[in-house]
1. Any residue at all in the range 323-343 that's over 10 Å from the mean Cα position of the chain (by Cα), β-branched (Val, Ile, Thr), in the same structural domain as His182 (by TED's automatic domain parsing) and within 13 Å of Lys168 (Cα to Cα)?
2. Determine, yes or no, whether Leu260 is surrounded by fewer than 20 Cβ atoms within 10 Å (Cβ to Cβ), touching a strand residue (DSSP E or B) at 6+ places or on another chain (Cβ under 6 Å) and assigned to a helix (DSSP H, G or I).
3. Here is a list of conditions, (1) closer than 18 Å to Gly370 by Cα; (2) assigned to a loop (DSSP other than H, G, I, E, B); (3) modelled with pLDDT of 95 or more, and Ser106 meets all of them except one; can you say which number that is?
4. Filter the range 1-18 for residues that are among the hydrophobic types (A, V, I, L, M, F, W, C) and in a loop (DSSP other than H, G, I, E, B); which is modelled with the lowest pLDDT?
5. Criterion first (assigned to a helix (DSSP H, G or I) and not hydrophobic (A, V, I, L, M, F, W, C)) does Glu294 satisfy it?
6. Checking the structure you have, find out if any residue of the range 205-213 is surrounded by fewer than 18 Cβ atoms within 10 Å (Cβ to Cβ), more than 27 Å from Ile111 (Cβ to Cβ) and charged (D, E, K, R).
7. Report yes if some residue within the range 19-33 is part of a loop (DSSP other than H, G, I, E, B), farther than 22 Å from Ala335 by Cβ and in contact (Cβ under 8 Å) with a residue 24 or more places away in the chain; otherwise report no.
8. Within the bounds of the range 39-55, is there any residue that is farther than 23 Å from Pro233 by Cα, at pLDDT 95 or above and not in a strand (DSSP E or B)?
Amino acid sequence: MTAAAGYDDVVVTAPVTVPYQRYSTKGAHWFLGRAVAGLLDASGLPKSGIDGLCVSSFSLGPDSAVGLTQHLDVSLRWLDHIPMGGASGIVALRRAARAVQAGDASVVACIAGDANRVDSFRESTARFSLFSQDAVYPYGAGGPNVSFAFLTAYYMRTYGATAEDFGKLCVAQRSNALHYPHALFTTPLTLDAYLASRMIADPIRLFDCVMPCAGAEGFLVMRRAEAERLGLPYARLLGAIERHNPFPDDPIQYRGGWVLDRDALYAQAGVGPRDIDVLQTYDDYPVINIMQFEDLGFCDKGEGPGFVRRNSFEVGGSFPFNTCGGQLSVGQAGAAGGFLGIVEGLRQVTGATLGAQVDGARHALVSGFGMINYDRGLCSGAAILGAA
């Protein structure tokens, strides 16, 4: 495999969160518009100062990114729409960085957001994918819970993970979320409460599931000189990878695309797993967290349960992880869930956290995972952000 070129002086800056709401009658356009307004406020740029836009949303239809440009009243020379769910943030970051590097855009706004009416989740899962419709719905089940129960049960049988292992991660993420002002879950969670919660789709319990909500996230990608001209704190993009439909011959997913490309990621970034100060993974269910611990090289395949038992995952713990609480305790604002880790990782390495700060955080690894079909997620990616 030919090594990918580095990202030179491309940087990431201006992390923005549009506060999450459990339900909202406002549409995705409103939340995405508020994200752009937040980016302009944070950067001091006029609207004309943004000449690239990358958009992710499940509920933007019937518009796409190009329709949104007229709603936002922006004129652009580079545009992309990333419909990859929880991998959208990483893919958006990679493509925006390459656009800036190539000179196709000077400043790219990467935004993701979704609305959430009372029936939004039901509507979106009903038409999510043909695989879901053909392989899950005929058996009287719908939505991601059943698919992830399938993956979780397989992982537990194969590698000996227990409910207590998953619960430990959920409890730690809730502890981190208690310091984060935008988290929708504000009550401490204990392991006993986790284990006593009702079963949703065996072996998945209530607190293994993300809660759909409305909200948006965003950040800007530009060259270092531009960030310094604007006086903006920034993180360097040290490396990034993406992979789609990895290991298609696996009968059921127990690994993701990260394992195929992690060596290239670390080589590009010039750091290794031991140099990572904080990890932000896409966490729609705890089993996916453990898969990412393994596939990103923090432990070997099958050693994830032992890794969980040996470490603590709070901000001040031995392995700071999903430091704002992740989706499991902040909420899942649709496609914005794939941006949450990037925005939090960016805040950590620039010392601008809204919640608790990891002492001396210099390197943040952020990973994404998205587009679950019946038995696997198709998209994976990761990026390493370094302090200036």
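1. Within the range 323-343, the subset over 10 Å from the mean Cα position of the chain (by Cα) is 323-325, 328-331, 333-334.
Keeping just the survivors that are β-branched (Val, Ile, Thr) gives 323, 330.
Applying the additional criterion that residues be in the same structural domain as His182 (by TED's automatic domain parsing) yields 323, 330.
This time we only want the ones that are within 13 Å of Lys168 (Cα to Cα), so: none.
Among the residues of the range 323-343, not one is over 10 Å from the mean Cα position of the chain (by Cα), β-branched (Val, Ile, Thr), in the same structural domain as His182 (by TED's automatic domain parsing) and within 13 Å of Lys168 (Cα to Cα), which makes the answer no.
2. Working: surrounded by fewer than 20 Cβ atoms within 10 Å (Cβ to Cβ): yes; touching a strand residue (DSSP E or B) at 6+ places or on another chain (Cβ under 6 Å): yes; assigned to a helix (DSSP H, G or I): yes.
Considered against the rule, which asks whether it is surrounded by fewer than 20 Cβ atoms within 10 Å (Cβ to Cβ), touching a strand residue (DSSP E or B) at 6+ places or on another chain (Cβ under 6 Å) and assigned to a helix (DSSP H, G or I), Leu260 comes out as yes.
3. (1)
4. Applying the first criterion (among the hydrophobic types (A, V, I, L, M, F, W, C)) to the range 1-18 yields 1, 3-5, 10-12, 14, 16, 18.
Applying the additional criterion that residues be in a loop (DSSP other than H, G, I, E, B) yields 1, 3-5.
On the way: Met1: 54, Ala3: 68, Ala4: 82, Ala5: 89.
Ranking the qualifying residues of the range 1-18, first place goes to Met1.
5. Numbers: assigned to a helix (DSSP H, G or I): yes; not hydrophobic (A, V, I, L, M, F, W, C): yes.
For Glu294, the condition - assigned to a helix (DSSP H, G or I) and not hydrophobic (A, V, I, L, M, F, W, C) - is met.
6. Scanning the range 205-213 turns up no residue that is surrounded by fewer than 18 Cβ atoms within 10 Å (Cβ to Cβ), more than 27 Å from Ile111 (Cβ to Cβ) and charged (D, E, K, R).
7. Initial filter on the range 19-33 (part of a loop (DSSP other than H, G, I, E, B)): 22-27.
Applying the additional criterion that residues be farther than 22 Å from Ala335 by Cβ yields none.
No, there is no match, as no residue in the range 19-33 is part of a loop (DSSP other than H, G, I, E, B), farther than 22 Å from Ala335 by Cβ and in contact (Cβ under 8 Å) with a residue 24 or more places away in the chain.
8. Checked against the condition, which is being farther than 23 Å from Pro233 by Cα, at pLDDT 95 or above and not in a strand (DSSP E or B), the range 39-55 yields no hits at all.
The values are calculated or read from the model by the stated rules, or taken from the named source; none is laboratory data. These figures come from a predicted structure and were not determined experimentally. Don't worry about glycine lacking a Cβ; one is built from the backbone with ideal geometry, like all the others, and counts go over all protein chains shown.
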